[in-house]
1. What does the net charge come to around Tyr116 if you take all other residues with beta carbon closer than 14 Å to its beta carbon, with K and R at +1 and D and E at -1?
2. Roughly what % of DSSP beta bridges within the chain run antiparallel, to the nearest 5?
3. Please give the net charge around His16, taking every other residue with its beta carbon less than 11 angstrom from that of His16, where Lys and Arg add +1 and Asp and Glu add -1.
4. So what are the ³J(HN,Hα) numbers for region 32-42, from phi and the Karplus equation (6.51, -1.76, 1.60; θ = phi - 60°), rounded to whole Hz, Gly and Pro as x?
5. Could you tell me what a quarter of the Cα convex hull surface of region 41-120 works out to, in nm² with one decimal place?
6. Could you size up the charge dipole of the chain around its Cα centre, putting +1 on the beta carbon of Lys and Arg and -1 on that of Asp and Glu, and report it in debye to the nearest 20?
7. At 0.36 nm per residue, minus the direct Cα-Cα distance, what do Glu42 and Gln61 gain on full extension? Give it in nm, one decimal, please.
Amino acid sequence: MAATGNFMLMSDQHIHECICARLVELHDSMLTVTLAGQIKFEATVPVQQFLTGLFAEHKPQCMIVDCHDVTFVDSQGLAMLLQVHNACRAAGSTLSLRDPSPFLRDLLRLTRIDTYMQVV
C-alpha cells in the first residue's frame, strides 16, 4: 500500500484464492474497497479480517465496498457482510455496498438485506 497524505492506493491484493481487493482508496474520512471474485464460505474469514482490519486501521466515517465485480456470494458471505456492517455501526460508522453485480443485487433484494444495509 502506498499512502500519500489523505489518499491511499492499493491494487490487486489476493485476499483468498477466489477473491481479491482490486483497489483501496482513503479520502478524507471515506474508505472505499473494490472487491472482485466470489465471496463464498472458505473466503469469508479472510475477507472479514481484511475489511475489519482496514476499518480498524483507518477508522473512517464511511466504508464503501464496491461489489461491481463480485460474481457470487453465498449465505456465509452475506452473513459476513452483515457482521462487518454491524461492526461499523457499533463504531459509529456506516457501511455501504456500491454497485453490486446483478447477481448480488438480486440476492440482496430477495433476502431483504437491502432494506437493512445501504446499497447504492
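1. Values: positive: Arg89, Arg109, Arg112; negative: Asp114.
Net local charge, Tyr116 excluded: +2.
2. On the way: 17 of 33 bridges.
Roughly 50 percent of the DSSP beta bridges within the chain come out antiparallel.
3. Details: positive: Lys40; negative: Glu17, Glu42.
Result for the neighbourhood of His16: -1.
4. Here the 3J(HN,Hα) series is 10, 10, 9, 9, 9, x, 10, 9, 10, 2, 5 Hz.
5. On the way: hull surface 18.9 nm².
Averaged projected hull area, Cα only: 4.7 nm².
6. Numbers: 8 positive and 12 negative charges, 71 e Å.
Dipole magnitude for the chain comes out near 340 debye.
7. 3.9 nm is the gain from fully extending Glu42 to Gln61.
Throughout, read-outs are computed from the coordinates displayed, never taken from laboratory work. All values derive from a computational prediction rather than experimental measurement. Positions of Cβ are generated from backbone atoms using ideal geometry, with glycine treated the same way; all protein chains shown enter the neighbour counts.
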